[in-house]
Amino acid sequence: MQGVARLFITTAILFALAGMALGLHMAISGDHGQHPTHAHIMLAGWVSLALMGLFYHHFPALNLSVMARVQFWVTALSAVLMCVSLIFLYGGNPAVEPGAAIGSIGFLLGMLLFAYNVLGTIWRT
Ligand code: HEM
Ligand code: HEM
């Protein structure tokens, strides 16, 4: 595997490990206050990024393109910002809300770029 597919899958695995560690922490402590954070780390971080990586792996030309690289960095950095902000937000720090907002909007932008890359490819091939 190469290109952004490898970057996506590697990043997704890091999210999975972090999210499951948080899940275990919640389960052991009995405090489920971070469950929205855990849900987004697992589903936005692990599942969504892994799906994107698998998609790119199937389209080698797109996988090595500049647009795919741009889409990776926008999506991955936004996911990190969103999830880290959520940890603080659900930990009782409303001051980080702008971080969550910027991360969320960035994640949406990443999905729009993914739509542009994917739809441009699957409707042409
Ligand atoms: C080490 C493995 C995991 C542990 C210990 C764990 C633990 C937890 C705990 C304690 C909750 C809160 C439950 C509640 O308060 O209702 C939760 C919720 C959740 N988990 Fe996990 N989890 C794990 C893996 C996963 C995985 C692999 C996924 C998805 C790929 C996932 C997705 C979710 C989602 C979406 C919720 C929120 C569900 C809801 O809205 O009620 N978790 N998890
Ligand atoms: C633009 C990015 C996103 C924003 C702003 C957002 C926002 C939210 C909000 C405000 C909630 C309610 C949290 C609460 O219960 O207090 C929520 C819940 C949830 N979201 Fe998202 N979300 C985003 C992306 C996603 C994505 C990409 C997924 C899955 C692939 C997802 C899956 C879920 C799930 C499963 C829940 C229920 C978890 C729970 O019970 O807390 N979200 N989201």
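Determine which member of the set 28, 41 is more than 8 Å from ligand 1 (Cβ to nearest atom) and under 15 Å from residue 87 (Cα atoms).
Criteria check complete, one pass: 41.
Going through the stretch 1-60 one residue at a time, which ones are within 21 Å of residue 117 (Cβ to Cβ) and hydroxyl-bearing (Ser, Thr, Tyr)?
10, 11, 48, 56
Filter the stretch 109-118 down to the residues that are over 16 Å from residue 63 (Cβ atoms) and either surrounded by fewer than 14 Cβ atoms within 10 Å (Cβ to Cβ) or charged (D, E, K, R) (or both) and list them by number.
112, 115
For residue 122, which of the numbered conditions (1) within 16 Å of ligand 1 (Cβ to nearest atom); (2) farther than 17 Å from residue 10 by Cα fails to hold?
(1)
Checking the conditions here, which among 99, 110 is touching a Ser or Thr at 6+ places or on another chain (Cβ under 9 Å) and either away from ligand 2 (no atom under 16 Å from the Cβ) or within 26 Å of residue 121 (Cβ to Cβ) (or both)?
Going through 99, 110 in turn, the sole match is 110.
Read through the list (1) in a helix (DSSP H, G or I); (2) away from ligand 1 (no atom under 15 Å from the Cβ), then give the number of the only condition that residue 36 fails.
In the conditions (1) in a helix (DSSP H, G or I); (2) away from ligand 1 (no atom under 15 Å from the Cβ), residue 36 misses (2) alone.
State whether one or more residues within the stretch 54-71 are at pLDDT 95 or above, within 10 Å of ligand 1 (Cβ to nearest atom) and not β-branched (Val, Ile, Thr).
No, that holds for no residue.
Every residue in the stretch 77-93 that is in contact (Cβ under 8 Å) with a residue 40 or more places away in the chain and either in a loop (DSSP other than H, G, I, E, B) or touching a strand residue (DSSP E or B) at 6+ places or on another chain (Cβ under 6 Å) (or both), please.
Residue satisfying the conditions is 91 alone.
From 96, 74, grab the single residue that is surrounded by 14 or more Cβ atoms within 10 Å (Cβ to Cβ), within 30 Å of residue 25 (Cβ to Cβ) and free of Cβ contacts under 8 Å to residues at least 12 places away in the same chain.
Answer to the check: 96.
Give the residues of the stretch 47-60 that are more than 9 Å from ligand 2 (Cβ to nearest atom) and either crowded, with 21+ Cβ neighbours inside 10 Å or in contact (Cβ under 8 Å) with a residue 12 or more places away in the chain (or both), sorted by residue number.
Result: 49, 50, 52, 53, 54, 55, 56, 57, 59, 60.
The values are calculated or read from the model by the stated rules, or taken from the named source; none is laboratory data. All figures in this text were calculated on a predicted structure; none of them were measured in a lab. Note that each Cβ is placed from the backbone with ideal geometry, even for glycine, and that neighbours are counted across all protein chains shown.
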